[in-house]
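Quick notes on the structure that follows.
Values quoted throughout were computed directly from the atomic coordinates according to the rules given, and no laboratory measurement underlies them. Here the structure is a predicted model, which means the values were calculated and not measured. Note: ideal-geometry Cβ built from the backbone for every residue, glycine included; neighbour counts use all protein chains shown.
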Amino acid sequence: MATIEYNTEDEVLAIHDVGQAVRHPLLAAFTRQANGFVDEAGVIHVPTSSTELTTLYRTIARLFDKLKINIETGEHVSDAVRSVESEEALFDEFSRKAKEIWEAQIDTSDFRRFVEIVEEKCPGRVFYRKQLLSAFHLAFSQNACNFSVPGAGKTSVVYAAYAYLSSLGLDDAKSVDRLLIVGPLSSFKAWEDEFAAIFQRSALAKRISGQISMDARIEHLRGISVASRTTELTLTTYQTLANMEEEITTFLQHVGTRAMVVLDEAHYIKSSDGQQAAAALRLAPLARSRVVLTGTPAPNGYEDLSNLFRFIYPNRNVAGFPPATLKAMTDGSMPGAVTELKKRIQPYYTRIRKTDLSLPKVEEKRVEVPMIGDHEKIYRTLEKRIVPHLGQHFEDSSAGIRLRARLIRLRQAVVNPELLLRPLEQEEGIFDTGGTGDLNVAELEVADLVNRFVADTNLARLDVCRSLVKSVLNEQGKVLIWSYFLGNLELLKQGLSSYAPFVEVLTGATPVADREGDAPPEIGTREEIIDRFHSTSGKAVLIANPQAVGESISLHKACRTAIYFDRDFNAGRFIQSKDRIHRYNPLGGRTVTYHHLVTPASVDKDIDARLTIKEQRLAELVDADDIPLLTAAEDNDQADLRMIFESYEHRKTK
């Protein structure tokens, strides 16, 4: 049995009677990292201040538990150790109860009381059981992650927990009195709208972002005005969080402030060395309650989890593994550790899967779109020039940009040849080719055909889309259209302008409003357009591109049919766009329909086939695992290019 003693004068912790374990690699590594040493008698000496003693003891206790070494404490360390052991026992008990809550092993009287308060404080929402369990878990834990799938109502869960915690007395250590939401600009409206819908009152809200003056931001965060001190809902971006860390620190340290800090779309802090992540982690200890929201906790690997759990418990390593080890798990070199990781973090998060939701039924319809006349000549000419090139170089990593540029041109040729006249750099969310890899249309033998092509009159895809839109508008009144190319968005707006009084486009360039309180959003902003799409009683067409509008927007209450004018190979972005109208609705919902325009015997058909495979694979993975490693379901670009090449070769043999 090892003995631990602490010399208060020298501030050195001494570990005796470790025996042969002193040479164990893990213990030797710990000693080196702690700037300690082993003397001739085999005693380990580690320098540490009295303020760091508790943290050091936790580390030693975890290490010795792994090495199966029991600890006996000396008299000088026993007070600190007793405090640590008592605190650890309480946290272990807390963790056990938190895990049981999500497993529905709950004290029914406590849960009933929680539900009664939530129902009283949230008259505008009927929560389903999984939402209530998730909110109860958060209210009990005070600090938690919510990894529920998009559309599960994560915002509602936060407000339910907030309703309960804000009802507690001032002397209760869990009580909160305000919310600080950190998220993308596009999320602000959803938070404000949900607050009004759930609590049946408008929030005293303030947006803090680069869109308002620095003086106004400072005035609010420093509590200079009476209004700033009574604001219940403050919303800011990750960039502002990093740029105004000092002022936000002041905001969280105001006398009497008991803030619940929520990180929405928390993938913004997953980078281990990012400025935004560093600011969030430094501010974490100042919050009374900490919440992480993301539907994809580990998009790139288990190392993405590190900052999420460091934020909710800044003084504890609840994940139990350093980032390097988490990355090794991602790479597959430590499969046994993955099970241990999931076991360790299980008490500190909830996740509602799609199979837990009573989502509306989905109907997928593929609409065959022909290429007529000059359009087919243009496409087949580019296909003969581009696809063999893809086949020769798709395994060449140095040809990445050139291949992607050629592939985009091939997609443009099949969906709208007019796009071939636009520089790729004008396409939102594509990339800058740096002038390499693009095709010179003027050098093509079909250059005259491309120049003479008029999509408004020659593009069969537009005619098919118009027919679909007319049918959907007559039956349902509203429709959503997706396209990945800005040129197509402009074409669709012009081509459908006579079909409805409301025909609007949303892109990344559409400004986000900065409004105060109940002031209406400015005309032409993203929020104003979405508000009108929801509120208009007549026919309405909303046209958007998934690259810029796939996140933090809900359209399911206004629309249940989407038309995909064109698509790319990115399955994650495709699924995210579909989720805009396929979400949990407490009022229920009718069948959601997706129309996919597909041109046979073309890259368009290849994209459709690949997306079907990828979507099924991702759906199975996401519902099979609470911490889905999305990289496990992804193919690299080579698989997409291989399908294009093989399909093309197959068509040639017919």
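Between segment 331-373 and segment 250-324, how far is it from one alpha carbon centroid to the other, in angstrom? Centre-to-centre (Cα) distance: 23 Å. Translational D (Stokes-Einstein, µm²/s) of the chain at 4 °C and 1.567 mPa s when Rh comes from the Kirkwood sum over C-alpha pairs? Translational D for this selection: 46 µm²/s.
The dipole here belongs to the chain: it is taken about the Cα centre, uses +1 on the Cβ of Lys and Arg and -1 on the Cβ of Asp and Glu, and is about 2180 debye. For the peptides 447-456, 33-42, residues were scored by their other Cβ atoms within 10 Å and the scores averaged per peptide; the highest-first order is 447-456, 33-42. Bridging of Lys539 to aspartates and glutamates at a Cα separation below 13 Å is possible for Glu475, Glu504, once same-chain residues fewer than 8 apart are set aside. D by Stokes-Einstein for segment 106-354, Kirkwood Rh over Cα pairs, 10 °C, 1.306 mPa s: 86 µm²/s.
Note on the chain: dipole from Cβ charges, positive end direction compared against Ser213, Phe136, Gln494; the farthest Cα belongs to Gln494. Note on segment 106-354: antiparallel DSSP beta bridges, both residues inside, total approximately 0 percent of the bridges counted. As an equivalent ellipsoid, segment 541-645 spans semi-axes of 25, 19, 12 angstrom, where each value is the square root of five times an eigenvalue of the C-alpha gyration tensor, largest first. Compared with the dominant Cα axis of the chain, that is its longest principal axis, helix 486-495 is turned about 50°.
Each residue of segment 102-110 was assigned a 3J(HN,Hα) from its phi angle through the Karplus expression (A = 6.51, B = -1.76, C = 1.60, θ = phi - 60°), giving 5, 8, 6, 9, 10, 6, 4, 5, 5 Hz with x at Gly and Pro.
Which entries of Lys377/Lys578; Lys493/Lys605; Lys154/Lys174; Lys97/Lys174; Lys478/Lys578; Lys66/Lys130 have Cα-Cα distances beyond 27 Å here?
Going by Cα-Cα distance, Lys377/Lys578; Lys66/Lys130 fall outside the 27 Å limit.
Under 14 Å of direct C-alpha separation, and excluding same-chain neighbours fewer than eight residues apart, Lys343 reaches these aspartates and glutamates: Asp92, Glu100, Glu103, Asp625, Asp626.
Against the empirical curve 2.2 N^0.38 Å, the C-alpha radius of gyration of segment 1-131 lands at a ratio of 1.55. What angle do you read, to the nearest 10 degrees and between 0 and 90, between the alpha-carbon axis of helix 400-415 and the longest principal axis of the chain? Taking the Cα atoms of the chain, the angle to 400-415 is about 50 degrees. Using only the Cα atoms of segment 451-594, build the gyration tensor, take square roots of its eigenvalues as a ≥ b ≥ c, and label the shape rounded, prolate or oblate: rounded if a/c is under 1.5, else prolate if a/b is larger than b/c, else oblate. Taking the square roots of the gyration eigenvalues as a ≥ b ≥ c, segment 451-594 is rounded.
Only counting other Cβ atoms within 10 Å, I'd like Glu246, Glu192 sorted with the fewest neighbours first.
Least to most surrounded, the residues fall as Glu246, Glu192.
Shape descriptor for segment 92-205: Rg over Rh equals 0.95 (Cα atoms; Rh from the Kirkwood inverse mean 1/r). Bridges between two residues of the chain, per DSSP, are antiparallel at a rate of about 20%. Per-residue Karplus couplings for segment 233-245, computed as 6.51 cos²θ - 1.76 cosθ + 1.60 with θ equal to phi - 60°, are listed in order as 10, 10, 10, 9, 9, 5, 5, 5, 4, 6, 6, 10, 4 Hz, Gly and Pro entered as x. Compute the angle between helix 335-345 and the longest alpha-carbon principal axis of the chain, please, reported from 0 to 90 degrees and rounded to the nearest 10. So the inclination is approximately 70 degrees.
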